[in-house]
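Taking it in order: structure first as structure tokens, then the write-up.
The values are calculated or read from the model by the stated rules, or taken from the named source; none is laboratory data. Note that the structure is predicted; figures quoted are calculated from it, not measured. Please note: Cβ atoms are built from the backbone with ideal geometry, for glycine as well, and neighbour counts cover all protein chains shown. Calculation scope for accessible area: heavy atoms of the full protein, side chains included, ligands and nucleic acids excluded. Shrake-Rupley method; radii C 1.70, N 1.55, O 1.52, S 1.80 Å.
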Amino acid sequence: MYCFLRLSVLLVGLIASAGSYAVNAVQPLTTADDLGPKVEQPIEFPHDRHAGDAAKGGMQINCMYCHTYARRSIVAGIPPLQKCIGCHQSIESVRETPRIKKLFEYWEAKKAVPWKKVHDLPDFVRFNHERHIQRFVFAQNKPVQEACGYCHGDVKTMTVARRQKPLSMGWCVSCHQKDHPVDATSTKTTHGPNDCWQCHK
């Protein structure tokens, strides 16, 4: 009887754990439209307006103007609210639009905008933005939007960003196996590292 009771408690615990895991499970990599899951943001940030082509009403702002840390850090970073306000306090023409009003509500409340991650990798994966930006933008002289777009898709055509690429281990490895020029002037090529410890903690 005691053994049966212990087994019952164990089974109930396993079922509860499985149910809890299912509720908190990671979003699927693909969706019906073959893009990553739609992430609802506190403000629908219009990437197309900020980074988009001038012919389509965009301001062609360099990705690294807002994602400042990409060139010198593991993470690309989200711009502090102060950077947004620095521009928008001088642009009266959009001051009364719902997005900008909400932006100023956060500013006046002295609260950061609680942006949600779109390109979220598991904790055991270490991706270094700096190494990729230094190699592809600064050494190879590729346009910033092209280099960033390889992993993030054509963000300048989006409002709220959505994951466009699988960002799976196989996808990353396939890129590391390609021949990439060492720099813009060289015909020499190299591959990305294939040691597990380069990308995994």
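Can you tell me which of (1) within 19 Å of D48 (Cβ to Cβ); (2) open to solvent by less than 40 Å² (accessible area, probe 1.4 Å); (3) without any contact (Cβ under 8 Å) to a residue 60 or more places away in the chain is the one I78 doesn't meet?
(2)
Could you check G86 against (1) within 23 Å of C63 (Cα to Cα); (2) surrounded by fewer than 12 Cβ atoms within 10 Å (Cβ to Cβ); (3) touching a Ser or Thr at 6+ places or on another chain (Cβ under 8 Å) and say which number it fails?
Here G86 meets the rest and fails (3).
Go through (1) of a type in the set (D, E, K, R); (2) surrounded by 17 or more Cβ atoms within 10 Å (Cβ to Cβ); (3) within 24 Å of G58 (Cα to Cα); (4) touching a residue at least 40 places away in the same chain (Cβ under 8 Å) one by one and return the number of the condition K116 breaks.
Among (1) of a type in the set (D, E, K, R); (2) surrounded by 17 or more Cβ atoms within 10 Å (Cβ to Cβ); (3) within 24 Å of G58 (Cα to Cα); (4) touching a residue at least 40 places away in the same chain (Cβ under 8 Å), K116 violates only (2).
Of the conditions (1) open to solvent by less than 40 Å² (accessible area, probe 1.4 Å); (2) out of contact with any Lys or Arg (no Cβ under 6 Å at 6 or more places or on another chain), I133 fails just one. Which one is it?
(2)
Please give the number of the condition E40 fails out of (1) in contact (Cβ under 8 Å) with a residue 40 or more places away in the chain; (2) farther than 18 Å from C151 by Cα; (3) surrounded by 14 or more Cβ atoms within 10 Å (Cβ to Cβ).
Against the list (1) in contact (Cβ under 8 Å) with a residue 40 or more places away in the chain; (2) farther than 18 Å from C151 by Cα; (3) surrounded by 14 or more Cβ atoms within 10 Å (Cβ to Cβ), E40 comes up short only on (3).
All but one of (1) of a type in the set (G, A, S); (2) without any contact (Cβ under 8 Å) to a residue 24 or more places away in the chain; (3) closer than 18 Å to F124 by Cβ hold for S168; state the number of the condition that does not hold.
Condition (2) is where S168 drops out.
Kindly provide the set of residues from the stretch 164-193 that are over 19 Å from the mean Cα position of the chain (by Cα), in a loop (DSSP other than H, G, I, E, B) and closer than 26 Å to G36 by Cα, ordered by number.
Hits for the stretch 164-193 are Q177, K178, G192.
Inside the stretch 143-169, can you point out the residues that are more than 20 Å from H50 (Cβ to Cβ), open to solvent by less than 50 Å² (accessible area, probe 1.4 Å) and not hydrophobic (A, V, I, L, M, F, W, C)?
S168
Which one of F138, F104, F124 is over 23 Å from V39 (Cα atoms) and either surrounded by 18 or more Cβ atoms within 10 Å (Cβ to Cβ) or over 14 Å from the mean Cα position of the chain (by Cα) (or both)?
F138
What number of residues within the stretch 55-71 are over 22 Å from K116 (Cα atoms) and open to solvent by 60 Å² or more (accessible area, probe 1.4 Å)?
So in the stretch 55-71, the residues over 22 Å from K116 (Cα atoms) come out as 55-60.
Still in the running and open to solvent by 60 Å² or more (accessible area, probe 1.4 Å): 55-56, 59-60.
The number of residues fulfilling the criteria is 4.
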